[in-house]
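These notes are about the structure you will find just below.
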Amino acid sequence: MKTLPKILALSALILAPLQSAQAALITFNYTGAKQTWVVPDQVSMVTIRAWGAQGQSNAGGIVGGLGGFVGGDLAVNAGDLLNIFIGGGGQQTVTGGFNGGGNAGDVGAASAFGGGGGGATDIRIGGESLLDRVFVAAGGGGAGGNRVAGQGRGTGGGGGAGYYGGGGGAAWPYQSLTLPSGGTQTQGGNGGTSSYGSAPNNNGQAGTLGLGGNGGDEVLSTQADSGTAQTGGAGGGLVGSSGNYVVNWTGQSGAGGSSYAGFLTNLEMLAGVRVGNGLLEIQYELDEVTTPASAPGAFALLLLSLMMTLGRRVRSS
């Protein structure tokens, strides 16, 4: 009689439904180009962690604003094509980072250039346009250009990319009338202005959907003194930080872009946390699947037969 429970337990183990618990973590680093990933079978939810890029540094090594962070869960379907864009930034250049960073202003004195804005990090499903983005981690604004003795005034820094980009900084203002503002959930940030706004292209440009505004241009002129510009505004949160300006005739720094929660749940957002290029992580587990047992093999049939025989003996004893 002690044999029956053992046979029942062994039979249940062999004929039990199969379950899957495979997990994976995939990291996407900056490449300067679109990347793609196809959602595997048995996956209906992925966890996303994304960082926008830092703004670019100016000619004197003043750094751009740090990029923002967005994390959460994203509902997907097996076979979905995810178009992935990782923001570029953290370099010493007037050029805005990949994926929307605004350029710093044109410069006559190479030592007075500001930094371009940092690029955003995002995923697009169903297409590659800005309207296909399902979330965005914002980039930081570029550093303003330094005022350099005997050479030139500083250019404005470029705005950081984001859901909406931050505004570009004005070039070499004597007095800063308006700082560039960060991108929001509904519009790009305003470009910075100054008391020299009548100079050609001196004011910064406004940010737009997905794009940071360009910084104001520098007009070559000698300067008696030097001045150090400010770091760029941080990439958002829901709203990017404004640009900065302290010293006369330096360039205003660019403002940060805004991040976007999009279709994420269990959301976490942080402003101003990423140094250098952007980054994105996708983590997932295969859905737990209960699979009906297939046609029993010879061994399983033998077990069933033994169980039936033992059952009849038990009932007849």
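The values are calculated or read from the model by the stated rules, or taken from the named source; none is laboratory data. This is a predicted model, so every value here is computed, not measured. Here Cβ is always computed from backbone atoms with ideal geometry, including for glycine, and neighbour counts include all displayed protein chains. To get the accessible areas, we keep the full protein, side chains included, count just its heavy atoms, and leave off ligands, DNA and RNA. Shrake-Rupley method; radii C 1.70, N 1.55, O 1.52, S 1.80 Å.
Observations on the structure shown:
Per-residue answers, yes or no, for (1) at pLDDT 95 or above; (2) of a type in the set (Val, Ile, Thr); (3) open to solvent by 60 Å² or more (accessible area, probe 1.4 Å):
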residue	(1), (2), (3)
Thr228	yes, yes, yes
Gly235	yes, no, no
Asn248	no, no, no
Ser259	yes, no, no
Glu268	yes, no, yes
Tyr284	yes, no, no
Thr290	no, yes, yes
Leu301	no, no, yes
Leu306	no, no, yes
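- Answer residue from the stretch 29-56, given it is among the polar types (S, T, N, Q) and outside any strand (DSSP E or B) and is farthest from Gly100 (Cα to Cα) among those: Gln42
- Verdict on Gly182 being within 19 Å of Gly227 (Cβ to Cβ), touching a residue at least 60 places away in the same chain (Cβ under 8 Å) and open to solvent by less than 40 Å² (accessible area, probe 1.4 Å): no
- Filtered residues of the stretch 57-86 (kept if outside any strand (DSSP E or B) and β-branched (Val, Ile, Thr)): Ile62, Val63, Val76, Ile86
- Unmet requirement for Gly79, which otherwise passes all of (1) loosely packed, with under 11 Cβ neighbours inside 10 Å; (2) among the small types (Gly, Ala, Ser); (3) modelled with pLDDT under 95: (3)
Let's see how each residue does on (1) within 20 Å of Val63 (Cβ to Cβ); (2) out of contact with any helix residue (DSSP H, G or I) (no Cβ under 8 Å at 6 or more places or on another chain):
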{"residue": "Ile125", "(1), (2)": "no, no"}
{"residue": "Val136", "(1), (2)": "no, yes"}
{"residue": "Gly165", "(1), (2)": "yes, yes"}
{"residue": "Ser195", "(1), (2)": "no, yes"}
{"residue": "Ala199", "(1), (2)": "no, yes"}
